[in-house]
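Note sheet for the following structure.
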């Protein structure tokens, strides 16, 4: 054992006051995090000790259990954390606790003070010692007494009040490891309460592999068994279900669980779930979106939103990585390059699991789509990378005119295409009923062509993005040319329409005036009396809807009113005298009904009086009226 060293007061080698100020006020958001940091450091010291003992038996206390123990004295506002890890010599205490961020501290400080974000900021923060100094959020004074695992090493004592200097001296300690005494500030007295400590340990450090004891209790506070790190073939379905219930307090079984172990490009363990419902119940433990992130079984962040794309935010679960540093950078984890790698791996695994579900269990996937389909559509709309969008296309599901009560995939649609058909057709509408009765479908029904029915607000944005799939165009049935018979999409020659019906066209033009761009006959209509279409050169109907949903200052362009010259209503209207009061009422109703079906009518209630007028005209007069 070396000679006693007198008490030495030494200055910190880093700009300690500035750094402490940044750590306490800028990087840490919750004071309780200090305990997570100290337990993490203790766990690291125990792991290093375990590794050393694999090859070297000449160590102090070779039989000592690898443990972490916390003791609290509320009367003295004292918290003690002790481990049986590698310990430190006097020189190591000075290097590890006297020097914050061995290299680059000044660069870190300058960048932080200027509010800059530099590529190396997380690496600078990650130097040993920074996490330890979070203790000064709660401490008036900290005393660290440590003895190295080397049998000949002398114990040493380090003390600081978080100022510009620290003291270092030899100490009396017979056992291996490190003991940290934290003399708490008055407003941090809660951290000397065992109940509070137990709660923090279970929240942040429940899965640390070494037992954490509290007070004289010999039962570890932490459970230590991280289910996500178990081999998937050794975990039962009951264990997966139980973990989900404990994790979320959701007692409805999840739709799917996904257990991921990966070694490249990043080492990670993950256990993810798709809930049965999108909304959380009132007792849910998970109050926000985001996955629970661990580094080496130590909780880094409760709700981490950067581990999956925004459109997969419905996923619940935990992620654990060996490659994430245990340091203060967990507070700015979104800037970490490892997180970006984790995000890529997890996204691929989730989408792969959804594709497998869609193939092997279509009924379950239909339940998933009913609940979370809008999220995947959002993914298509939000992705700027075409390759990433295309990964989502096979997962999309739609109602159609052929299967209005089922969800179908784009590949299903392609498999039922008519011979020679080169286009996937869809129709936008406000709701399922109105779109099913849309006059735009007349010609497609007549030819037996299936049309996808898009009725959610996000579908307008989806239609702008999804313009091609597997070599087939994707077009709006309201404006697309009809397949095989493009001449059917042109207006009949007015000479081929009986003269009395031709006069009806002019009546419509005179009555509607500037409210429409034009009125013409069309062969696209079979069962319907009229439809509204866009004149050439205006913004397409998909973008018109997008502008409406975004509340942009945008005026819907005047439409072309297309009439069915063979419809009974048009023919009967042609037989009425020009001065008949019903002529104008019918024309107005035809036009406004078309507006209603398009979701463009500004005031549907205004039609009530006119409809009543038309009903009265349709009914025979009452006996007293005839008299």
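Here are the numbers for this structure:
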read-out: Residue count for segment 1-23, restricted to those that are over 23 Å from residue 149 (Cα atoms) and either assigned to a helix (DSSP H, G or I) or modelled with pLDDT under 65 (or both); value: 11
read-out: Residues located in segment 255-265, provided they are in a loop (DSSP other than H, G, I, E, B), surrounded by fewer than 17 Cβ atoms within 10 Å (Cβ to Cβ) and in contact with a helix residue (DSSP H, G or I) (Cβ under 8 Å, 6 or more places away or on another chain); value: 265
read-out: Residues of segment 578-607 that turn out to be part of a helix (DSSP H, G or I) and either under 30 Å from residue 460 (Cα atoms) or touching a helix residue (DSSP H, G or I) at 6+ places or on another chain (Cβ under 6 Å) (or both), as a count; value: 20
read-out: Some residue of segment 170-186 being in the same structural domain as residue 91 (by TED's automatic domain parsing), in contact (Cβ under 8 Å) with a residue 40 or more places away in the chain and farther than 25 Å from residue 36 by Cα; value: yes
read-out: In segment 193-206, the residues that are touching a strand residue (DSSP E or B) at 6+ places or on another chain (Cβ under 7 Å), farther than 16 Å from residue 45 by Cα and crowded, with 19+ Cβ neighbours inside 10 Å; value: 197, 201, 204
read-out: Hits in segment 409-423 (condition: modelled with pLDDT under 90 and more than 15 Å from residue 471 (Cβ to Cβ)); value: 418, 419
read-out: Residue under evaluation residue 565, criteria (1) surrounded by fewer than 18 Cβ atoms within 10 Å (Cβ to Cβ); (2) not in a helix (DSSP H, G or I), criterion not met; value: (1)
read-out: Verdict on residue 443 being surrounded by 14 or more Cβ atoms within 10 Å (Cβ to Cβ), assigned to a helix (DSSP H, G or I) and in contact with a strand residue (DSSP E or B) (Cβ under 7 Å, 6 or more places away or on another chain); value: no
read-out: Criterion violated by residue 497 - all others in (1) surrounded by 16 or more Cβ atoms within 10 Å (Cβ to Cβ); (2) at pLDDT 90 or above satisfied; value: (2)
read-out: Residue match in segment 42-57 (condition: part of a loop (DSSP other than H, G, I, E, B), more than 12 Å from residue 209 (Cα to Cα) and either in contact with a helix residue (DSSP H, G or I) (Cβ under 7 Å, 6 or more places away or on another chain) or touching a residue at least 24 places away in the same chain (Cβ under 8 Å) (or both)); value: no
read-out: Condition met for residue 426 (at pLDDT 95 or above and part of a helix (DSSP H, G or I)); value: no
read-out: Candidates 67, 89, filtered to the one that is farther than 20 Å from residue 142 by Cβ, in contact (Cβ under 8 Å) with a residue 40 or more places away in the chain and out of contact with any helix residue (DSSP H, G or I) (no Cβ under 6 Å at 6 or more places or on another chain); value: 67
read-out: Strands (runs of 3 or more DSSP E) contained in segment 87-192 and holding at least 1 residues at pLDDT below 95 and surrounded by 16 or more Cβ atoms within 10 Å (Cβ to Cβ); value: 139-147, 156-160, 165-170
read-out: Some residue of segment 286-300 being assigned by TED's automatic domain parsing to the domain that holds residue 316, more than 21 Å from the chain's Cα centre (by Cα) and surrounded by fewer than 16 Cβ atoms within 10 Å (Cβ to Cβ); value: no
read-out: Conditions (1) touching a strand residue (DSSP E or B) at 6+ places or on another chain (Cβ under 6 Å); (2) over 11 Å from residue 316 (Cβ atoms); (3) not in a helix (DSSP H, G or I); number of the one not met by residue 252; value: (1)
read-out: Inter-residue pairs, beta-carbon under 7 Å, first in the same structural domain as residue 318 (by TED's automatic domain parsing) and in segment 230-246, second surrounded by fewer than 15 Cβ atoms within 10 Å (Cβ to Cβ) and modelled with pLDDT under 90, 6+ apart; value: 245/251
read-out: Counted residues, segment 266-315 - those being closer than 23 Å to residue 30 by Cβ, touching a residue at least 60 places away in the same chain (Cβ under 8 Å) and not in a strand (DSSP E or B); value: 3
read-out: Residue satisfying all of: in segment 407-416; surrounded by fewer than 17 Cβ atoms within 10 Å (Cβ to Cβ) and touching a residue at least 12 places away in the same chain (Cβ under 8 Å); farthest from residue 456 (Cα to Cα) among these; value: 416
read-out: Failed item, numbered, when residue 26 is tested on (1) part of a helix (DSSP H, G or I); (2) in contact with a helix residue (DSSP H, G or I) (Cβ under 9 Å, 6 or more places away or on another chain); (3) at pLDDT 80 or above; value: (3)
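Per-residue answers, yes or no, for (1) surrounded by 14 or more Cβ atoms within 10 Å (Cβ to Cβ); (2) on the phi < 0 side of the Ramachandran plot; (3) touching a strand residue (DSSP E or B) at 6+ places or on another chain (Cβ under 6 Å); (4) free of Cβ contacts under 8 Å to residues at least 12 places away in the same chain:
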site	(1), (2), (3), (4)
347	yes, yes, no, no
358	yes, yes, no, no
400	yes, yes, yes, no
448	no, no, no, no
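The values are calculated or read from the model by the stated rules, or taken from the named source; none is laboratory data. This is a predicted model, so every value here is computed, not measured. FYI the Cβ positions are ideal-geometry reconstructions off the backbone, even for glycines, and counts take in every protein chain you see.
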